[in-house]
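K.L.:
One structure, as structure tokens, below. Some questions next.
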Amino acid sequence: MLEREIRKSLFLAQAAPVSSADAALAFIAEVSDPDATHNCWAYRIGQSYRSDDDGEPGGTAGRPILQVIEGQGFDRTVVVVTRWFGGIKLGAG
């Protein structure tokens, strides 16, 4: 678990090993905070992968999470990044 504040928004990243898409989706449901602004996520299990921006601009959250998973050479991994909006838009960069 990793928590960071960036320009007044609070981000919490949580990751877990998973053996199936169902296990990944269960982890996402378990750790997502319904009171947060966004719960963005991605998982990779072998050749199966999925990501979701959860309302952030398309391609700016879920896909970059997946790219980090792949870039680190991780497999059978799910990551959820939860954001509580702090009032400053961060932009797509």
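The values are calculated or read from the model by the stated rules, or taken from the named source; none is laboratory data. It should be emphasised that the depicted structure is a prediction, and the values quoted were computed from it without experimental measurement. Please note: Cβ atoms are built from the backbone with ideal geometry, for glycine as well, and neighbour counts cover all protein chains shown. The accessibility values were calculated without ligands, DNA or RNA, using every heavy atom of the protein model including side chains. Shrake-Rupley method; radii C 1.70, N 1.55, O 1.52, S 1.80 Å.
K.L.:
Describe numerically, in nm with one decimal, the distance between label points set 7 Å from Cα along Cα→Cβ at R50 and at F74.
P.N.:
Simple spin-label model gives 1.8 nm for this pair.
K.L.:
Taking 7 Å along the Cα-to-C-beta vector as the label spot, tell me the S32-K8 distance in nanometres, rounded to one decimal.
P.N.:
Here the answer is 2.7 nm between the modelled labels.
K.L.:
Relative to the present Cα-Cα distance, how much length would full extension add between A21 and T60 at 0.36 nm per residue of separation? Before the final figure, lay out each step's value.
P.N.:
Working: separation 39, 0.36 × 39 = 14.04 nm, distance 2.21 nm.
Using 0.36 nm per residue and subtracting the Cα-Cα distance, I get 11.8 nm.
K.L.:
Also: Please list the non-local residues whose amide H lies under 5 Å from the amide H of A16, H modeled 1.01 Å from N, same-chain partners needing a gap of 5 or more.
P.N.:
Correct list: V78.
K.L.:
Rank these residues by their accessible area, most exposed first, probe 1.4 Å: Y43, Y49.
P.N.:
Values: Y43 10, Y49 130 Å².
Final ranking, largest accessible area leading: Y49, Y43.
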